[in-house]
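The values are calculated or read from the model by the stated rules, or taken from the named source; none is laboratory data. Source: prediction; values computed, not measured. In this analysis, Cβ positions are derived from the backbone assuming ideal geometry, glycine residues included, and neighbour counts consider all displayed protein chains.
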Amino acid sequence: MHYFVTGATGFIGKRLVRKLLARKGAVVHFLIRRESEGKVEALREWWGATAARAIPVFGDLTQKKLGVAAEDVKKLKGQVDHFFHLAAVYDLGADEESQVAVNIEGTRNTVEFAKAIDAGHFHHVSSIAAAGLYEGVFREDMFDEAENIDHPYFMTKHESEKIVRKEAKVPWTVYRPALVVGDSQTGEMDKIDGPYYFFKLIQRMRQLLPPWMPAIGLEGGRINIVPVDYVVDALDHIGHQDKIARRCFHLVDPVGYRVGDVLDIFSRAAHAPRMNVFVNAALLGFIPKSIKKGLMAIAPVRRVRNAVMKDLGLPEDILEFVNYPTRFDAREAQAALKGSGIAAPNLKDYAWKLWDYWERHLDPDLHIDRSLRGTVAGKVVLVTGGSSGIGLAAAHKFAEAGAITVICGRDQDKLDEACAEAEAKGYAFVAYPADLADMADCDRFVQVVLANHGGVDFLVNNAGRSIRRAIESSYDRFHDFERTMQLNYFGCLRVTMGLLPAMVEKRKGHVVNISSIGVLTNAPRFSAYVASKAALDAWTRCAASEFQDQGISFTTINMPLVRTPMIAPTKIYNNVPTLAPEEAADLIAEACVAKPVRIATRLGITGQVLHALVPRVAQIAMNTSFRMFPDSSAAKGDKGAKPQLSAEAMALQQMMRGIHF
């Protein structure tokens, strides 16, 4: 049996050809552009077919009779038993001109070609989009009843099917697959489409929130999803039956799922927070179109919308189809498949395979250079407080990645040791002594950096001072608050504001401010430290808004507890799980590569949520920990005393990783 297939290199077509070639004695002629001739051998290898069974026919879908040479038309005349037309644009975001050229004119050219070669039967793979946004149940014998087909994708799918129905001169059959996703056995998919558009949002939720935390999802209409292997099996089985001429078959899931259910299924597959609470997108329908249009005319609204859609990888029109109103009857297809064992599988059974394949192969972030070297190589990176602790660990990472790494600190001996350590590892630091608690020295240091380096590309404000002392022990120590604010806030601002003009001039730059988890949890005994970091956080939010359109970005890292000399005086921390400086440096590297607005641990975010939703409960919890853990001997001025911890306190230490008590 001989077949002719258009779209044989596409996602569905490629698999259908392999299915057809599995039939004994089958020969498949497939349309391919002349410039793609080099792909033929790879296709044959994938299909497991010889040159005698997989025969390329060179042409172009957009040309009359597919632009196939007259001698090829002559060879094919009367030889093709089944003609499968799959070539089309399956992309909501494609421009109208290309969709018209391929979906409408391409189908007309294909129908003419099928007649020219006297094909035995013409199989047109349409789409449920041909129904438009029909309100209600759309049956397989319905076509003219389609509604709301203004969108180019719906319109061209409807019109291409109309061409087959009105102009085809050979027996024809139409198939309308639902939204086709990856293989239900392997998860394999070749593009981001349909529910895949929401995968990045689900992934972000998983990164930010613990899986047990309930999340709010978007509820809407029913979305019909089928895996590609089901579509291919159904096409092959139905296409070879008798008495299918001038009939239409819906290759759909007979049940279908609401949008909210689909999001929840994939959230479960991704081990992300379950979407158990839904906001009905139909509420948006009450907003008059004139008001929506007016809002989109406002530049800030438009910028915010575009930024959010771009960040989440959502196409421009996706939200218009959230309230999809159509359900599809599939009795004809189910009757044709009866006894074959071919049926649409339950999405819950294979969603995890789709997610796994997407995250391993299709996640857009995989195709972006996310390496630290790709981000900072050859760039000037300044790390304040870079002679020890977190700053030194981060400086080593930047230097290893090829950055021009500038560090500063108060102690020249420590700076020399750091430089010697770097030299021993095969790279170098540029070190400058500077006391960032001294505003005059800040100004001097900034001028040195500008003169020697022309500014910086990345600024990591790491230098800081921490004091752990209860307020009731600080009544006569107001200088504790002054000196933490002087370094952690004013010193940081002095350096940042000194370097910002050069960043503005180049219209690029990134600032990373090392804050604390205590800002999110309002940690007792750290009022001086947390207040200085909170001030820095607030300034950073304001600055990020002001410089957003000038190519300058900011990241705040709410750093958990890290094993550094800064926490050494507090002996209680010896038994508390803490991050290594190298792990903290990884967070700084992530901040420079991904440039998120904030990096925080799940514990920190949970604390922030608790303080926002149930502040009294959060205060009681923090007060309990405050009374459970005493001031350190250093804070009390008694260096010889050893703090005594209760069994409850020791248990809480192990539970609350990284929180400042």
Can you find, within region 323-362, the residue that is surrounded by the fewest Cβ atoms within 10 Å (Cβ to Cβ) among those that are part of a helix (DSSP H, G or I), of a type outside the set (D, E, K, R) and more than 24 Å from the chain's Cα centre (by Cα)? 335
Condition check: modelled with pLDDT of 95 or more and either outside any loop (DSSP other than H, G, I, E, B) or within 16 Å of residue 348 (Cα to Cα) (or both). Does residue 163 satisfy that? yes
Looking at residue 440, is it in the same structural domain as residue 552 (by TED's automatic domain parsing) and over 25 Å from residue 528 (Cα atoms)? no
Hey, among the residues in region 473-508 that are in contact with a Lys or Arg (Cβ under 9 Å, 6 or more places away or on another chain) and among the polar types (S, T, N, Q), which one's modelled with the lowest pLDDT? 473
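If we scan region 461-480, do we find a residue that is farther than 30 Å from residue 614 by Cα, part of a helix (DSSP H, G or I) and in contact (Cβ under 8 Å) with a residue 40 or more places away in the chain? It would help to see each step written out before you state the result.
From region 461-480, those farther than 30 Å from residue 614 by Cα are 461-465, 476-480; that's our starting set.
This time we only want the ones that are part of a helix (DSSP H, G or I), so: 478-480.
Imposing the further condition that a residue be in contact (Cβ under 8 Å) with a residue 40 or more places away in the chain reduces the set to 480.
Yes, because at least one residue in region 461-480 is farther than 30 Å from residue 614 by Cα, part of a helix (DSSP H, G or I) and in contact (Cβ under 8 Å) with a residue 40 or more places away in the chain.
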Check whether at least one residue in region 363-378 is modelled with pLDDT of 90 or more and part of a strand (DSSP E or B), and report yes or no. no
Checking residue 128 against (1) within 16 Å of residue 250 (Cα to Cα); (2) over 34 Å from the mean Cα position of the chain (by Cα): exactly one of these is not met. Which one? (2)
Taking strands (runs of 3 or more DSSP E) that fall entirely within region 50-151, which contain at least 1 residues that are in contact with an Asp or Glu (Cβ under 9 Å, 6 or more places away or on another chain) and modelled with pLDDT of 95 or more? 54-58, 121-125, 136-138
Just a yes or no: is a residue in region 166-181 out of contact with any Leu (no Cβ under 6 Å at 6 or more places or on another chain), in a helix (DSSP H, G or I), without any contact (Cβ under 8 Å) to a residue 40 or more places away in the chain and surrounded by fewer than 21 Cβ atoms within 10 Å (Cβ to Cβ)? yes
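Determine, yes or no, whether residue 154 is surrounded by 15 or more Cβ atoms within 10 Å (Cβ to Cβ) and modelled with pLDDT of 95 or more. Can you show your working first?
Working: surrounded by 15 or more Cβ atoms within 10 Å (Cβ to Cβ): yes; modelled with pLDDT of 95 or more: no.
Against the criterion (surrounded by 15 or more Cβ atoms within 10 Å (Cβ to Cβ) and modelled with pLDDT of 95 or more), residue 154 does not qualify.
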Identify, please: which residue in region 9-49 is assigned to a loop (DSSP other than H, G, I, E, B) and among the aliphatic types (A, V, I, L, M) and is, among those, surrounded by the fewest Cβ atoms within 10 Å (Cβ to Cβ)? 22
Could you tell me how many of the residues in region 499-528 are out of contact with any strand residue (DSSP E or B) (no Cβ under 7 Å at 6 or more places or on another chain) and under 28 Å from residue 478 (Cβ atoms)? 9
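Go through region 515-532 residue by residue and tally those that are of a type in the set (A, V, I, L, M, F, W, C), touching a Gly at 6+ places or on another chain (Cβ under 8 Å) and more than 12 Å from residue 561 (Cα to Cα).
Restricting attention to region 515-532, the residues satisfying the condition of being of a type in the set (A, V, I, L, M, F, W, C) are 517, 519-520, 523, 526, 528, 530-531.
Still in the list and also touching a Gly at 6+ places or on another chain (Cβ under 8 Å): 517, 520, 526, 530.
Now drop any that are not more than 12 Å from residue 561 (Cα to Cα), which leaves 520, 526, 530.
So the answer is 3.
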Residue pairs within 8 Å by beta carbon, gap of at least six or interchain, first lying in region 188-199 and not assigned by TED's automatic domain parsing to the domain that holds residue 129, second assigned to a loop (DSSP other than H, G, I, E, B) and surrounded by 20 or more Cβ atoms within 10 Å (Cβ to Cβ), listed first then second, are 188/182; 189/182; 193/90; 193/92; 196/189; 199/270
Please state which of the following conditions residue 622 fails to meet, knowing it meets all the rest: (1) surrounded by fewer than 17 Cβ atoms within 10 Å (Cβ to Cβ); (2) modelled with pLDDT under 70. (1)
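Select, from 530, 511, 562, 460, the only residue that is modelled with pLDDT under 90, buried (at least 24 other Cβ atoms within 10 Å of the Cβ) and in the same structural domain as residue 434 (by TED's automatic domain parsing). Give the derivation first.
Numbers: 511 fails: modelled with pLDDT under 90; 562 fails: buried (at least 24 other Cβ atoms within 10 Å of the Cβ); 460 fails: modelled with pLDDT under 90.
Criteria check complete, one pass: 530.
Results for (1) surrounded by fewer than 21 Cβ atoms within 10 Å (Cβ to Cβ); (2) in contact with a Lys or Arg (Cβ under 9 Å, 6 or more places away or on another chain), shown as yes or no for each residue.
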position	(1), (2)
112	yes, yes
116	yes, yes
121	yes, no
126	no, yes
130	no, yes
138	no, yes
141	yes, yes
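With the requirement that a residue be assigned to a loop (DSSP other than H, G, I, E, B) and in contact with a Leu (Cβ under 8 Å, 6 or more places away or on another chain), what does region 444-460 give you?
First, the residues of region 444-460 that are assigned to a loop (DSSP other than H, G, I, E, B): 454-457.
Scanning region 444-460 gives 455, 456.
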So residue 187 ticks every box in (1) crowded, with 18+ Cβ neighbours inside 10 Å; (2) touching a Gly at 6+ places or on another chain (Cβ under 7 Å) but one. Which box is left unticked? (2)
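Let's see how each residue does on (1) of a type in the set (D, E, K, R); (2) within 27 Å of residue 484 (Cβ to Cβ); (3) under 36 Å from the mean Cα position of the chain (by Cα):
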{"position": "376", "(1), (2), (3)": "no, no, yes"}
{"position": "395", "(1), (2), (3)": "no, yes, yes"}
{"position": "398", "(1), (2), (3)": "no, yes, yes"}
{"position": "415", "(1), (2), (3)": "no, yes, no"}
{"position": "423", "(1), (2), (3)": "yes, no, no"}
{"position": "436", "(1), (2), (3)": "no, yes, no"}
Give me the strands (runs of 3 or more DSSP E) completely within region 193-256, filtered to those with at least 1 residues that are within 29 Å of residue 18 (Cα to Cα), ordered by residue number. 225-227, 247-251
Got at least one residue in region 42-62 being within 22 Å of residue 171 (Cα to Cα) and in contact with a strand residue (DSSP E or B) (Cβ under 9 Å, 6 or more places away or on another chain)? yes
